[in-house]
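Here's the structure we're looking at; comments come further down.
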Amino acid sequence: MFTRTTGTVHQVGDTFTSTVVFDANAADTDPSPDDGRYPYISRTVPYRTSTAIILDPVSGKINVLAGDDGGSHGWLLRYTGATILFELALTYPPGTFPTDALPLALDFSQATGTRFEAFEPAFGMDLRGTITSLRVVPEPGTSVGIASAALLLRLRGRRTR
């Protein structure tokens, strides 16, 4: 269920799928040894209407947080447009990721936190929730280096105005 559904057709308890296609061989564009930044090829997300939208990968990235400072590790998928923000985040205990390399699989059972957020202030859209399942699916008809992570999101909470 949603924690917020302002400015959208979605209702409390709605479920949906968000799909992320990425290149497993993509180079890390962040020089830091503790933070990886990787492009994705495409991503579909729920929107304020009943039709999901495809986000432009130029403005999006996958971040892998693997700091050795004892803090949480994480996997963050973020898209920032001129007037819109979409985030999907999984938080893990310290030491989960030995490096900032892009993991090809995520152990959802070890996640200590999950969240989905979408904001578009121009239309009053504010969606928030939690991720309840995750699966990696091979992309049919492409090279082994391409995979699709399908995220079934069940958003929890109550409707706010």
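Brief remarks follow.
- Computed over region 1-96: relative contact order in percent, which uses C-alpha pairs under 8 Å that are six or more apart: 19
- Model label sites at A122 and T83, defined 7 Å from Cα along the beta-carbon direction, differ in position by 0.3 nm.
- Seen from L85, the other residues with C-beta closer than 11 Å to its C-beta sum to a net charge of -3, counting Lys and Arg as +1 and Asp and Glu as -1.
All of the numbers you see were taken from the coordinates with simple rules; none came from a lab. Computed from a predicted structure; not experimentally measured. Reconstructed Cβ throughout: ideal geometry from the backbone, glycine too, with neighbour counts over all protein chains shown.
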